[in-house]
Amino acid sequence: MSERTTIPYDEDYFERGVALGVSGYMNYTWMPEQTMRMAHHLVRELKIGLDETVLDYGCAKGYFVRALRLLDIQAYGVDISPYAIESAPKDVARFCALIEDTDAIAALKDTFDWVISKDVFEHIPEAVLPQVLVGLQRYAKRLFLAIPLGKSDEKDTFVIPAYHQDVTHITIKPMEWWCALFERCGWTITWSGYQFRGMKENWTKSWAEGNGFFVLSRMD
């Protein structure tokens, strides 16, 4: 199983992940009743204006980009998975791009008012995270992050056991660790919490402190 941690985010990962024991995905598809509600509350809570631009960092197949655009938000997406980007719906495909690192974001658009990243940062190696966070400062004024949390710095154990089903979840840290990292990398934490309306509520009902939600502002 260990060699699976180095595989790309391919068709198996998104369509047969649960059956193969590599991810929590099975037949990953558009679920408007869930994704539209999440987009609605995100726009409302963050007060994202129609004249602002949003980047979904780690957009997978672009479903959240689609939801935001249906709300008339100027949304774009990037992901490192060729399979996911190639599977984006036709109506948002031109707004989603394949990247290798944060430096490639400029190929899509120069700057964004917001970068949204849900369930992505736990996939990034700890040693690479500072580079990503500093790199995003060149493209975003503000970040919103949703990250599964670990129990402590010492043990690589998620608060929510099911998060271990994904073999690419490799950075497992508590709320305090993430907050310290963001500040070291030049971001101001304007808000953080364990609950965010419309997002990951299936988990937060049973595991009140299993996820961290963060609103960050660039230090200008």
For this session: Report the calculated FRET efficiency for ALA19 and ASP220 (r = Cβ-Cβ distance, R0 = 35 Å), to the nearest 0.05.
Result: 0.15
Exercise. Which value, in debye to the nearest 20, gives the size of the charge dipole of the chain about its Cα centre, when Lys and Arg are +1 and Asp and Glu are -1 at the Cβ?
Worked result: 620 debye
Exercise. In Å and whole numbers, how far do the C-alpha atoms of the range 168-220 stretch along each principal axis, longest first?
Worked result: 37, 25, 18
Exercise. Packing-wise, with mean Cβ within 10 Å as the measure, how do 135-142, 181-188 rank, highest first?
Worked result: 135-142, 181-188
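Of the peptides 22-32, 87-97, how do they stack up when ordered by the mean number of other Cβ atoms within 10 Å, highest first?
Values: 22-32: 15.1, 87-97: 16.8.
Result, highest mean Cβ count within 10 Å first: 87-97, 22-32.
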Seminar exercise, completed: Note on the range 63-165, DSSP bridge orientation, antiparallel percent to nearest 5 equals 10 percent
For this session: Count the DSSP beta bridges whose two residues both fall in the chain, then state the antiparallel fraction as a percent rounded to the nearest 5.
Result: 45 percent
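Stretched out fully, how many nm does the piece from ALA208 to GLN131 gain, at 0.36 nm a residue minus the Cα gap?
24.7 nm
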Exercise. Which sequence of ILE189, ILE48 reflects their accessible areas, 1.4 Å probe, from the largest down?
Worked result: ILE189, ILE48
Seminar exercise, completed: Computed D for the range 120-205, Stokes-Einstein, Kirkwood radius over alpha-carbon pairs, 37 °C, 0.692 mPa s, to the nearest µm² per second, is 237 µm²/s
For this session: With a point put 7 Å past each Cα toward its Cβ, work out how far HIS40 is from LYS141 in nm, to one decimal.
Result: 2.7 nm
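The values are calculated or read from the model by the stated rules, or taken from the named source; none is laboratory data. These numbers were taken from a predicted model, which means no experiment stands behind them. Glycine also receives a Cβ, built like all others from the backbone with ideal geometry; neighbour counts cover every protein chain displayed. These accessible areas exclude ligands, DNA and RNA; they are computed on the full protein's heavy atoms, side chains included. Shrake-Rupley method; radii C 1.70, N 1.55, O 1.52, S 1.80 Å.
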